[in-house]
Amino acid sequence: NAGVTQTPKFRVLKTGQSMTLLCAQDMNHEYMYWYRQDPGMGLRLIHYSVGEGTTAKGEVPDGYNVSRLKKQNFLLGLESAAPSQTSVYFCASSCPQRELCNEQFFGPGTRLTVL
Amino acid sequence: SQKIEQNSEALNIQEGKTATLTCNYTNYSPAYLQWYRQDPGRGPVFLLLIRENEKEKRKERLKVTFDTTLKQSLFHITASQPADSATYLCALDPHGPDSWGKLQFGAGTQVVVTP
(Lines give C-alpha, C1' and ligand atoms only; values in the text may rest on other atoms or scores of the structure.)
Protein backbone atom coordinates (compact mmCIF):
# COMPACT_ATOMS: atom_id res chain seq x y z
CA ASN A 1 0.00 0.00 0.00
CA ALA A 2 1.26 3.47 -0.87
CA GLY A 3 -0.57 5.12 2.05
CA VAL A 4 -1.06 8.84 1.42
CA THR A 5 0.51 10.35 -1.67
CA GLN A 6 0.68 13.97 -2.76
CA THR A 7 1.44 15.60 -6.09
CA PRO A 8 3.34 17.67 -6.93
CA LYS A 9 6.25 17.60 -4.47
CA PHE A 10 7.44 21.09 -5.32
CA ARG A 11 5.90 24.03 -7.14
CA VAL A 12 6.76 27.66 -7.75
CA LEU A 13 3.94 30.02 -8.68
CA LYS A 14 3.70 33.67 -9.50
CA THR A 15 1.24 35.85 -7.61
CA GLY A 16 -2.22 35.47 -9.08
CA GLN A 17 -1.66 32.07 -10.65
CA SER A 18 -3.82 29.11 -9.75
CA MET A 19 -3.01 25.51 -9.05
CA THR A 20 -4.43 22.31 -7.60
CA LEU A 21 -2.72 19.98 -5.16
CA LEU A 22 -3.77 16.37 -5.32
CA CYS A 23 -3.92 13.98 -2.38
CA ALA A 24 -4.69 10.29 -2.72
CA GLN A 25 -5.02 7.55 -0.10
CA ASP A 26 -5.44 3.82 -0.54
CA MET A 27 -6.47 2.94 3.04
CA ASN A 28 -10.20 3.42 2.47
CA HIS A 29 -10.26 6.21 5.04
CA GLU A 30 -13.36 8.33 5.37
CA TYR A 31 -11.67 11.42 6.81
CA MET A 32 -9.15 13.52 4.91
CA TYR A 33 -7.43 16.78 5.82
CA TRP A 34 -5.30 19.52 4.35
CA TYR A 35 -2.79 21.31 6.60
CA ARG A 36 -0.17 23.95 6.07
CA GLN A 37 3.06 24.08 8.02
CA ASP A 38 5.03 27.28 8.43
CA PRO A 39 8.33 27.78 10.30
CA GLY A 40 7.85 28.10 14.04
CA MET A 41 4.16 27.27 13.83
CA GLY A 42 2.24 24.09 14.29
CA LEU A 43 0.36 22.40 11.51
CA ARG A 44 -2.78 24.39 10.80
CA LEU A 45 -5.90 22.82 9.38
CA ILE A 46 -7.09 24.40 6.13
CA HIS A 47 -10.06 22.23 5.14
CA TYR A 48 -11.19 18.73 5.90
CA SER A 49 -13.66 16.14 4.68
CA VAL A 50 -15.59 13.52 6.62
CA GLY A 51 -16.64 11.60 3.54
CA GLU A 52 -17.05 11.57 -0.21
CA GLY A 53 -18.86 14.66 -1.41
CA THR A 54 -18.48 16.57 1.86
CA THR A 55 -16.02 19.29 2.86
CA ALA A 56 -15.71 21.71 5.75
CA LYS A 57 -13.58 24.68 6.74
CA GLY A 58 -10.72 24.35 9.15
CA GLU A 59 -8.74 26.98 10.99
CA VAL A 60 -7.27 28.85 7.98
CA PRO A 61 -9.56 28.29 4.95
CA ASP A 62 -9.35 31.70 3.26
CA GLY A 63 -7.84 31.62 -0.22
CA TYR A 64 -8.31 27.87 -0.63
CA ASN A 65 -11.00 25.61 -1.98
CA VAL A 66 -11.32 21.83 -1.80
CA SER A 67 -13.22 19.02 -3.41
CA ARG A 68 -13.78 15.37 -2.50
CA LEU A 69 -15.45 13.83 -5.53
CA LYS A 70 -13.99 10.39 -4.85
CA LYS A 71 -13.39 8.82 -1.46
CA GLN A 72 -9.71 8.25 -2.13
CA ASN A 73 -8.92 11.75 -3.44
CA PHE A 74 -8.90 15.17 -1.80
CA LEU A 75 -7.99 18.20 -3.91
CA LEU A 76 -6.79 21.56 -2.62
CA GLY A 77 -7.10 24.52 -4.95
CA LEU A 78 -5.55 27.95 -4.89
CA GLU A 79 -7.52 30.21 -7.22
CA SER A 80 -5.24 33.25 -7.04
CA ALA A 81 -1.99 32.51 -5.25
CA ALA A 82 -0.49 35.05 -2.84
CA PRO A 83 3.00 35.16 -1.28
CA SER A 84 1.36 34.49 2.11
CA GLN A 85 0.46 31.04 0.79
CA THR A 86 4.11 30.07 0.52
CA SER A 87 4.25 27.04 2.79
CA VAL A 88 4.54 23.29 3.01
CA TYR A 89 1.19 21.59 2.53
CA PHE A 90 0.39 18.24 4.04
CA CYS A 91 -2.53 15.98 3.37
CA ALA A 92 -3.63 13.42 5.95
CA SER A 93 -6.30 10.79 6.36
CA SER A 94 -7.90 8.85 9.18
CA CYS A 95 -10.72 6.43 9.74
CA PRO A 96 -13.88 7.59 11.53
CA GLN A 97 -14.16 5.14 14.41
CA ARG A 98 -12.90 7.26 17.26
CA GLU A 99 -12.03 4.47 19.63
CA LEU A 100 -10.44 2.23 17.04
CA CYS A 101 -8.21 4.49 15.01
CA ASN A 102 -7.27 7.92 16.20
CA GLU A 103 -4.04 8.49 14.36
CA GLN A 104 -3.71 10.50 11.22
CA PHE A 105 -1.62 9.28 8.31
CA PHE A 106 0.28 12.02 6.54
CA GLY A 107 1.55 12.39 3.01
CA PRO A 108 5.09 13.54 2.18
CA GLY A 109 4.10 17.16 1.64
CA THR A 110 4.13 19.72 -1.17
CA ARG A 111 6.52 22.64 -0.92
CA LEU A 112 4.89 25.67 -2.55
CA THR A 113 6.59 28.98 -3.19
CA VAL A 114 4.60 31.97 -4.42
CA LEU A 115 6.70 34.79 -5.86
CA SER B 1 -7.32 31.83 23.63
CA GLN B 2 -6.32 28.22 23.13
CA LYS B 3 -2.62 27.55 23.01
CA ILE B 4 -0.27 24.58 22.76
CA GLU B 5 3.34 25.17 23.73
CA GLN B 6 6.38 23.05 23.07
CA ASN B 7 10.00 24.02 23.70
CA SER B 8 11.12 25.96 20.68
CA GLU B 9 14.80 25.44 21.44
CA ALA B 10 16.38 22.27 20.13
CA LEU B 11 17.16 19.60 22.68
CA ASN B 12 20.73 18.38 22.31
CA ILE B 13 21.39 15.12 24.08
CA GLN B 14 24.10 12.51 24.24
CA GLU B 15 23.45 9.02 22.96
CA GLY B 16 22.21 6.72 25.69
CA LYS B 17 20.62 9.48 27.78
CA THR B 18 16.91 10.13 28.23
CA ALA B 19 15.35 12.96 26.27
CA THR B 20 12.32 14.61 27.88
CA LEU B 21 10.03 16.87 25.89
CA THR B 22 7.21 19.01 27.24
CA CYS B 23 3.82 19.87 25.79
CA ASN B 24 1.77 22.43 27.72
CA TYR B 25 -1.71 23.57 26.75
CA THR B 26 -4.19 26.19 27.88
CA ASN B 27 -7.94 26.50 27.43
CA TYR B 28 -8.34 22.98 26.15
CA SER B 29 -10.00 19.94 27.63
CA PRO B 30 -8.62 17.31 25.29
CA ALA B 31 -10.10 13.87 25.01
CA TYR B 32 -6.64 12.62 24.21
CA LEU B 33 -3.21 13.75 23.20
CA GLN B 34 -0.99 12.38 20.46
CA TRP B 35 2.71 12.54 19.71
CA TYR B 36 4.15 12.51 16.20
CA ARG B 37 7.67 12.36 14.81
CA GLN B 38 8.65 14.46 11.82
CA ASP B 39 11.88 14.07 9.88
CA PRO B 40 13.17 16.87 7.61
CA GLY B 41 11.28 17.01 4.33
CA ARG B 42 8.74 14.40 5.40
CA GLY B 43 5.26 14.25 6.82
CA PRO B 44 4.58 13.57 10.51
CA VAL B 45 4.38 9.95 11.65
CA PHE B 46 2.18 8.88 14.55
CA LEU B 47 3.97 7.54 17.62
CA LEU B 48 1.70 7.37 20.65
CA LEU B 49 -1.73 8.33 21.92
CA ILE B 50 -2.72 8.85 25.54
CA ARG B 51 -6.28 9.37 26.71
CA GLU B 52 -7.47 11.82 29.36
CA ASN B 53 -8.08 9.04 31.88
CA GLU B 54 -4.60 7.54 31.40
CA LYS B 55 -1.58 8.71 33.35
CA GLU B 56 1.15 6.97 31.38
CA LYS B 57 1.66 5.08 28.12
CA ARG B 58 4.71 3.20 26.91
CA LYS B 59 5.89 1.90 23.57
CA GLU B 60 9.34 0.37 23.36
CA ARG B 61 11.75 3.17 24.41
CA LEU B 62 9.04 5.82 24.39
CA LYS B 63 6.97 6.93 27.37
CA VAL B 64 4.25 9.54 27.51
CA THR B 65 2.59 11.00 30.59
CA PHE B 66 -0.55 13.10 30.70
CA ASP B 67 -1.47 15.36 33.61
CA THR B 68 -4.83 17.02 32.96
CA THR B 69 -4.54 19.04 36.18
CA LEU B 70 -1.24 20.59 35.13
CA LYS B 71 -2.40 20.60 31.50
CA GLN B 72 0.84 19.02 30.47
CA SER B 73 2.21 15.99 28.67
CA LEU B 74 5.78 14.75 28.93
CA PHE B 75 7.37 12.66 26.20
CA HIS B 76 10.43 10.60 27.09
CA ILE B 77 12.88 8.83 24.80
CA THR B 78 14.99 6.48 26.89
CA ALA B 79 18.40 5.16 25.80
CA SER B 80 18.36 7.70 22.99
CA GLN B 81 20.07 6.94 19.68
CA PRO B 82 21.24 9.19 16.84
CA ALA B 83 18.36 7.73 14.78
CA ASP B 84 15.95 9.39 17.24
CA SER B 85 17.04 12.81 15.97
CA ALA B 86 13.91 14.46 14.58
CA THR B 87 11.23 16.99 15.45
CA TYR B 88 8.51 15.76 17.79
CA LEU B 89 5.02 17.23 17.64
CA CYS B 90 2.25 17.01 20.18
CA ALA B 91 -1.35 17.23 19.07
CA LEU B 92 -4.61 17.56 20.99
CA ASP B 93 -8.01 16.26 20.11
CA PRO B 94 -10.55 18.57 21.77
CA HIS B 95 -13.72 17.14 23.23
CA GLY B 96 -16.96 17.07 21.31
CA PRO B 97 -18.41 15.17 18.35
CA ASP B 98 -17.82 18.07 15.96
CA SER B 99 -14.18 18.27 16.88
CA TRP B 100 -13.38 14.68 15.97
CA GLY B 101 -10.21 14.50 13.91
CA LYS B 102 -9.57 18.23 14.09
CA LEU B 103 -6.25 17.97 15.84
CA GLN B 104 -4.52 21.03 17.19
CA PHE B 105 -0.73 20.77 16.79
CA GLY B 106 2.13 22.30 18.69
CA ALA B 107 5.06 23.75 16.74
CA GLY B 108 7.30 20.85 17.74
CA THR B 109 10.63 20.39 19.49
CA GLN B 110 13.74 19.33 17.60
CA VAL B 111 15.82 16.60 19.23
CA VAL B 112 19.46 16.09 18.26
CA VAL B 113 21.16 12.98 19.61
CA THR B 114 24.92 12.98 19.31
CA PRO B 115 27.09 9.84 19.50
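General observations
- Placing +1 on the Cβ of every Lys and Arg and -1 on the Cβ of every Asp and Glu, with no other charges, gives segment A:4-107 a dipole of roughly 280 debye about its Cα centre.
- Expressed as a fraction of 2.2 N^0.38 Å, the value expected for a compact globular protein of N residues, the C-alpha radius of gyration of the protein assembly as shown is 1.02.
- Convex hull volume per residue for segment B:3-114, taking Cα atoms only, in Å³: 97 Å³
- Expressed to the nearest 5 percent, the antiparallel share of DSSP beta bridges inside chain A is 90 percent.
- Note on residue A:14 and residue B:45: their simple-model spin labels are 4.1 nm apart, each label 7 Å out from Cα toward Cβ.
- Mean projected area of the Cα convex hull of segment A:4-107, taken over all directions, amounts to 6.4 nm².
- Residues of type aspartates and glutamates that residue B:17 reaches as a straight line, Cα spacing below 19 Å, ignoring anything fewer than 8 places off in the same chain: B:9, B:60, B:84
- Between residue B:79 and residue B:5, the contour length at 0.36 nm per residue exceeds the alpha carbon distance by 24.1 nm.
- With the simple model of a label 7 Å out from the Cα in the direction of the Cβ, residue A:54 to residue A:79 spans 2.4 nm.
- Solvent-accessible area of residue B:70, all protein chains in place: 110 Å² (probe radius 1.4 Å, heavy atoms, ligands and nucleic acids excluded).
- For the protein assembly as shown: accessible area per residue (Å², 1.4 Å): 49 Å²
- Protein-protein interface of segment A:34-55, residues with accessible area decrease of at least 20 Å², isolated chain reference, 1.4 Å probe: A:35, A:37, A:42, A:43, A:45, A:48
- Most mobile listed residue (A:76, A:13, A:45) in chain A, GNM with C-alpha springs under 10 Å: A:13
- Counting Lys and Arg as +1 and Asp and Glu as -1 over every other residue whose Cβ lies under 15 Å from the Cβ of residue A:60, the net charge comes to +1.
- Accessible area, probe 1.4 Å, largest first, for residues B:51, A:68, B:42, A:11: B:42, A:11, B:51, A:68
- Under 26 Å from the Cα of residue B:102 - lysines, other chains or at least 8 residues apart: A:9, A:57, A:70, A:71, B:3, B:55, B:57, B:59, B:63, B:71
- Protection proxy ranking for A:19-29, B:58-68, using the average of other Cβ atoms within 10 Å per residue and placing the highest first: A:19-29, B:58-68.
The values are calculated or read from the model by the stated rules, or taken from the named source; none is laboratory data. The model shown is predicted, which means the values in this text are computed figures rather than measured ones. Here the Cβ is made from the backbone with ideal geometry for all residues, glycine too, and neighbour counts use every protein chain on show. Side chains included, ligands, DNA and RNA excluded: accessible areas come from the protein's heavy atoms. Shrake-Rupley method; radii C 1.70, N 1.55, O 1.52, S 1.80 Å.
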